[in-house]
């Protein structure tokens, strides 16, 4: 369903399971960044009213996820650590086409967001299947469903604004580029991406 060209290295889930405080910390900041990204899309592209209407509930949901991750940390007597650089997202950001019309710029940012949500969905599925903590298994299963919905929404909006055929061709380019990033990055259990 997600179309990712390269699955996550199976070692990642094992490493993540051994670094609960680190993975939850990174996850919390991923949710915070998702909230900020959606707010930024609303602020920078207010003329796309349908997109604005679609993103308002996503902003609330992502912020709610941030709070849920903090609760998971607290339940375990763990602390939210410092935010770290996200190499995966930084590398993806380099692939965004700059310039062009406002609509073209928006489509690129929607594809960027769709890909992050797709990879998050895949990672949450792995955690739901492989982590030893039963509560976290359920937690990540629920979040996986949410991320899949976000991925689909972003991709559908990009197709609506950019033309389905053109956008799906560009999506294939994004997927190939992302696979290249995944090949280069070492699996780390302290990062969602």
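Annotations
- Two-site FRET efficiency, residue 103 against residue 145, from Cβ-Cβ distance with R₀ of 25 Å, rounded to 0.05: 0.25
- Förster-model FRET efficiency, 25 Å R0, residue 85 and residue 176, C-beta, rounded to 0.05: 0.55
- The chain, helix-only ellipticity at 222 nm - DSSP H runs n ≥ 4, -39,500 (n - 2.57), divided by all residues, nearest 500: -26000 deg cm²/dmol
- Tilt relative to the chain, helix 164-184 - C-alpha long axis, 0 to 90 degrees, to 10: 40 degrees
- Potential lengthening of the chain between residue 49 and residue 186 amounts to 45.3 nm, from the contour at 0.36 nm per residue minus the alpha-carbon distance.
- Sites residue 76 and residue 39, calculated FRET efficiency, Cβ-Cβ separation with R0 25 Å, nearest 0.05: 0.30
- Here the label points at residue 68 and residue 129, each 7 Å from Cα along the C-beta direction, are separated by 2.0 nm in the simple model.
- Three principal axis extents describe the C-alpha atoms of the chain; from largest down they are 48, 33, 27 Å.
- Using alpha-carbon coordinates, inclination of helix 134-162 to the longest axis of the chain, degrees: 10 degrees
Laboratory data are not the source of any read-out in this text; all were calculated from the coordinates shown. These numbers were taken from a predicted model, which means no experiment stands behind them. Reconstructed Cβ throughout: ideal geometry from the backbone, glycine too, with neighbour counts over all protein chains shown.
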